[in-house]
1. Select from the stretch B:5-56 the residues that are surrounded by 22 or more Cβ atoms within 10 Å (Cβ to Cβ) and acidic (Asp, Glu) and write down the one among them that is modelled with the lowest pLDDT.
2. Kindly list the number of the only condition in (1) surrounded by fewer than 21 Cβ atoms within 10 Å (Cβ to Cβ); (2) within 14 Å of chain A (Cβ to nearest Cβ); (3) of a type outside the set (A, V, I, L, M, F, W, C); (4) touching a strand residue (DSSP E or B) at 6+ places or on another chain (Cβ under 7 Å) that fails for B:GLY156.
3. When the stretch B:170-215 is examined, which residues are found to be touching a helix residue (DSSP H, G or I) at 6+ places or on another chain (Cβ under 8 Å), surrounded by 15 or more Cβ atoms within 10 Å (Cβ to Cβ) and not in a strand (DSSP E or B)?
4. Any residue in the stretch B:192-209 that is in contact (Cβ under 8 Å) with a residue 24 or more places away in the chain and under 18 Å from B:VAL95 (Cβ atoms) sitting within a Cβ distance under 7 Å of a residue that is in a strand (DSSP E or B) and acidic (Asp, Glu)? List the pairs, counting only those 6 or more apart or interchain.
5. Six or more apart or on different chains, Cβ atoms under 7 Å: show the pairs whose first residue is in the stretch A:73-86 and within 14 Å of A:ILE128 (Cα to Cα) and whose second is in a strand (DSSP E or B) and among the small types (Gly, Ala, Ser).
6. Restricting attention to the stretch A:118-151, which residues are free of Cβ contacts under 8 Å to residues at least 60 places away in the same chain, under 11 Å from the mean Cα position of the chain (by Cα) and assigned to a helix (DSSP H, G or I)?
7. List the strands (runs of 3 or more DSSP E) inside the stretch A:1-117, counting only whole elements, that have at least 1 residues being at the interface with chain B (Cβ under 10 Å from one of its Cβ atoms) and surrounded by 22 or more Cβ atoms within 10 Å (Cβ to Cβ).
8. Hey, could you check the stretch B:31-58 for residues that are within 9 Å of another protein chain (Cβ to nearest Cβ) and among the aliphatic types (A, V, I, L, M) and say which is nearest to A:THR113 (Cα to Cα)?
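The values are calculated or read from the model by the stated rules, or taken from the named source; none is laboratory data. The shown structure was predicted, so the numbers you read here are calculated from the model rather than taken from an experiment. So basically every Cβ, Gly included, is an ideal-geometry build from the backbone, and we count neighbours across all protein chains shown.
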Amino acid sequence: MALAAPPSRLLTIEDLENLPDDGRRHELLDGILVVTPSPGGPHQVVLAALYRALHAAKPPGVAVVMAPLDLVLSPHTVLQPDVVVVDVAEALEARLTRPPLMVVEVLSPSTRTYDRGSKMLAYAAAGIGWYWIVEPAAPVEAWAFRLVDGRYEQWRHAVGAEPFVVDQPFPASLIPQDLLAL
Amino acid sequence: MVVPRPADDTGSLQSRSAGRWPDLGTGYASTVAFALPWGAEITVENLDAIADDGHRYELLNGAMLVTPAPHAAHQVCAGALVTTLTLACGPQQLVLPAPFDYRIDDRTLLQPDVLVVRRSDIDRGRLTGTPLLVVEIQSPSTRLIDLNLKRATYAGAGVPGYWLVDPTKPSVTVLELEADAYVETAKAAGEVRLSISHPFPVTIVPQDLLQGLDA
């Protein structure tokens with residue numbers, strides 16, 4: 001029996017929900033499914049340290065939440081940033097449906113191009129004001145971008161022992177190489 | 001949030017025999033997802049094992065991309081391009097429509113919509129060298145990926161020419177590799193004739209790619 005061609009349709013969050021829990025990260029970008037492996041040690045160590053630093057620095061009314069948490073930017077774009085900074089009112093939702101204040105991505109070999117490329121463009125298009133990228137391999141490097149006229153502009157950068165200091169969306173400072181200290 | 005599914009509920013090949021294409025990702029779910037260690041990176045070798053569920057499976061630096069089946073305008077443009085390029089190319093080149101594996105390294109395998117390759121680079125049915133030209137036909141869902149991720153990847157692989165076709169305009173954008181990055185060298189839309197010289201002389205009229213179809 002000849003089958004008609006499969007229906008062409010952009011993928012949605014329902015498609016994501018039907019995927020197996022196989023330890024990989026499943027995200028949707030403009031209706032394309034992106035599957036990345038579960039992250040390794042350096043990523044997780046740096047992620048935990050970032051979370052602790054942001055959580056300690058945050059003011060009242062703001063929550064810092066770690067992955068996995070679905071950020072629904074459109075019916076066809078559902079991403080899982082490593083850390084999100086949100087209004088307390090939204091922090092206990094099953095998934096975020098409004099752009100948070102800030103997102104953070106810790107790079108890994110399979111996400112490096114994506115986090116700096118299409119995913120970054122998607123965050124900018126969603127109007128997320130602040131975006132940090134952290135490279136967890138020694139000497140550890142951190143970038144802060146701020147949204148200006150719909151695009152991210154590099155705002156802070158530090159590597160190794162250099163201080164990484166921001167005052168938006170709230171004051172915070174850290175030393176990149178300390179994120180990998182065990 | 002992904003919900004764990006019972007092992008016998010993959011819904012893959014059974015649905016196909018019932019006349020329904022399986023859901024997204026079923027090909028991956030029913031083969032590779034649990035055959036590999038939990039959370040492990042999917043490799044170029046693993047892609048071969050993924051059951052055909054009607055979607056395009058590609059790998060980009062270890063990140064797997066699953067793209068929905070394209071719609072009519074996309075396929076009509078693909079057909080027109082393959083025909084035009086085949087008529088224009090010389091005996092030393094071959095024009096290949098998707099799906100054809102362009103394996104860049106162990107962690108990157110893409111299936112461009114159209115490839116032009118040197119005939120001598122096809123060895124036992126596989127591509128062994130760098131294509132002369134890669135064409136991607138944009139669908140609403142692939143814009144960010146084609147314009148950004150794939151562009152950077154093809155440039156890094158040293159593919160001399162990259163064309164982007166937008167069936168909704170319709171338009172063709174010609175990019176050529178200069179040093180490490182693509183530079184836009186020509187662009188045309190609608191009835192405007194695009195005269196191209198690489199990888200061989202060919203004229204493209206974007207409107208004609210739709211073959212009379214309303215995009």
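1. B:ASP53
2. (4)
3. B:PRO170, B:PHE200, B:ASP208, B:LEU209, B:LEU210, B:ALA215
4. Every condition considered, the pairs that remain are B:HIS198/B:GLU176.
5. A:VAL86/A:ALA63
6. A:MET120, A:TYR123
7. Values: elements: A:25-29, A:32-36, A:62-66, A:71-74, A:77-79, A:83-87, A:102-106.
Because the criterion is at least 1 residues that are at the interface with chain B (Cβ under 10 Å from one of its Cβ atoms) and surrounded by 22 or more Cβ atoms within 10 Å (Cβ to Cβ), the strands (runs of 3 or more DSSP E) in the stretch A:1-117 that meet it are A:25-29, A:32-36, A:77-79.
8. It comes out as B:ILE42.
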